[in-house]
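Enquirer: Got a structure here, written out as structure tokens. Questions coming.
The values are calculated or read from the model by the stated rules, or taken from the named source; none is laboratory data. Predicted model, so just to flag it, every value in this text is computed and none were measured. Here the Cβ positions follow ideal geometry from the backbone for every residue, glycine too, while neighbour counts run over all protein chains shown. With ligands, DNA and RNA removed, areas are computed over all heavy atoms of the protein, side chains included. Shrake-Rupley method; radii C 1.70, N 1.55, O 1.52, S 1.80 Å.
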2 protein chains.
Amino acid sequence: MDLEKSISTLNNPVRRQILEWLKDRSNFPPALPGHEDLEGVCVAYIQEKAKLSQSTISNYMGLLKQAGFVIAERHGQWTFYRRDENSIQAFVTAVQNELLKP
Amino acid sequence: MDLEKSISTLNNPVRRQILEWLKDRSNFPPALPGHEDLEGVCVAYIQEKAKLSQSTISNYMGLLKQAGFVIAERHGQWTFYRRDENSIQAFVTAVQNELLKP
DNA sequence: TCCATAAATCGAAATATCTCGATATCAATG
DNA sequence: CATTGATATCGAGATATTTCGATTTATGGA
């Protein structure tokens, strides 16, 4: 848990929005045939919703992954991203511990 | 509660450190004669501990104040800063609500 | 009123972040 | 193995943040 990296990753409204969207698969188009059973959302769907360039979103997802907020899983040519709830919970706890008085 | 501004204010290790220091008055030199009853710590003390320039610390304290993390109270030529525990708690709650799944 | 001290504001240089288009990589398929 | 489609990486321009020293403002005291 690198608090520094986590905070700077969250210091961007689009990245926070992506984490929000990823709470619910139904924020994105239905899975393509053959992907129905896979968890997570591919980059193209996230890009479409965020309306930023492909490279920017790929970069953002890399940052979210490095910070531990999402898990990436490659299946064929697609990378599926999903939230890492445990890691997100750990961050929230760390923020509490750092900010709130003993 | 402007989450945007709060997060960007916390996106700096020195500002977070200052909030940490302000948890306990005894992290700073004893109050000057006549200031014993006043809550909070003056800018000069914070500057001394942070080892950054006076203007930088004044700026940081302004940001922390705008974000609602500290309360400033002027007494004579000194400005005393102290944590705003309610506001800090509100921020932590907002982070929880934004990040954790329903 | 003049001076000294504390803090705030200003202007600027160095560094970091954002965001893009172009290019590279990697996997599937004919 | 050449092509296509998905994603990752690269290089760069625009913008934002960090941090400073210099200046300004506010206050209290001689």
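Enquirer: Considering amide H positions built from the backbone, and no H for Pro or chain starts, which residues 5 or more places from residue A:42, or on another chain, come under 5 Å of its amide H?
Expert: For residue A:42, the qualifying residues are A:81.
Enquirer: A plus B alone minus the pair: what accessible area, both sides summed, probe 1.4 Å, in Å² to 100? Spell out each step's value before the answer.
Expert: Values: alone 6590 and 6590 Å², together 10890 Å².
Protein heavy atoms only, the A-B interface buries about 2300 Å².
Enquirer: Starting from the amide H of residue A:11, placed 1.01 Å from N in the peptide plane, find each other amide H under 5 Å away whose residue is 5 or more places distant or on another chain.
Expert: Residues meeting the criterion, in which the H sits 1.01 Å from N, do not exist here.
Enquirer: Within the set A:49/A:101; A:23/B:5; A:51/B:23; A:51/B:65; A:65/B:49; A:101/B:51, which residue pairs have Cα atoms separated by over 31 Å?
Expert: Working: A:49/A:101 39 Å; A:23/B:5 24 Å; A:51/B:23 42 Å; A:51/B:65 34 Å; A:65/B:49 35 Å; A:101/B:51 24 Å.
In this structure, A:49/A:101; A:51/B:23; A:51/B:65; A:65/B:49 lie more than 31 Å apart at Cα.
Enquirer: Shape call for the protein assembly as shown from the C-alpha gyration tensor, a ≥ b ≥ c root eigenvalues: rounded (a/c under 1.5), prolate (a/b greater than b/c) or oblate?
Expert: Prolate, because a/c is 1.5 or more and a/b exceeds b/c.
Enquirer: Could I ask something else about it? Give me the one-decimal nm value for the distance between modelled label points at residue B:20 and residue B:101, 7 Å along each residue's Cα-to-Cβ direction.
Expert: Simple spin-label model gives 3.2 nm for this pair.
Enquirer: Measure off, as a whole percent, the carbon and sulfur share of the 1.4 Å-probe accessible area of the protein assembly as shown, all protein chains present. Each step should come with its number before you reach the end.
Expert: Details: 5220 of 10890 Å².
With neighbouring chains kept in place, the figure for the protein assembly as shown is 48 percent.
Enquirer: Once amide H atoms are placed 1.01 Å from N in the peptide plane, what residues at a sequence separation of 5 or more from residue A:23, or on another chain, have their amide H within under 5 Å of its amide H?
Expert: none
Enquirer: Take chain A, connect every pair of alpha-carbon atoms lying under 10 Å apart with a spring to form a Gaussian network, then pick out the residue of A:84, A:37, A:24 with the largest mean-square fluctuation.
Expert: Comparing A:84, A:37, A:24 in a Gaussian network model of chain A, the most mobile one is A:37.
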